[in-house]
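These notes are about the structure you will find just below.
A short reminder: the numbers here are calculations on the coordinates, not readings from a lab. Treat the numbers as computed from the prediction; the structure is a model and nothing was measured. No Cβ is skipped: glycine too gets one built from the backbone with ideal geometry, and neighbour counts run over all protein chains shown.
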């Protein structure tokens, strides 16, 4: 093989390797950026879902103190939010949301409370059914947990 061909082949191979390296680096960078954007979007969706659940559960819980008959439409809304969590959230969050739902229903079934009884329960620390749920959500969001999804 003549030296001119060899140097031309080396220059061509160097250009191809440099181009492939640049292409793969660019592809990898875009992939990492896309994954980060997806994670940020997913966390934002879950934050909004958890916020909505906390607001609705708080209203139902307050209503359960003064009424023995539940507002069925509000409970159905809560169940719908829990169902959305089953798609987007970890098992730990879903478990805590189910506990909140059971607690609210048990509060509806229990006799109505006077303000004095509510104050006593508050002092005893029995009046925050959303605490464990909120802490579990915060931990999940802080860690940036990605919930595995089945391929479509």
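Can you pull the one-decimal nm distance between simple spin-label points at residue 58 and residue 88, each 7 Å off the Cα toward Cβ?
1.8
Each label point is 7 Å from the Cα along the Cα-to-Cβ direction; what then is the distance between the points at residue 145 and residue 45, in nm?
Label-label distance for residue 145 and residue 45, simple model: 1.7 nm.
Please work out the C-alpha center-to-center distance from region 30-87 to region 3-29 and express it in whole Å.
52
If each residue of separation counts as 0.36 nm, what is the full-extension length gain between residue 71 and residue 105 once their alpha-carbon separation is subtracted?
11.2 nm
Rounded if a/c is under 1.5, else prolate if a/b is larger than b/c, else oblate: which is region 11-152, with a ≥ b ≥ c the root eigenvalues of its Cα gyration tensor?
Prolate.
For labels at residue 119 and residue 28 in the simple 7 Å Cα→Cβ model, what's the distance in nm?
That separation, rounded to one decimal, is 6.6 nm.
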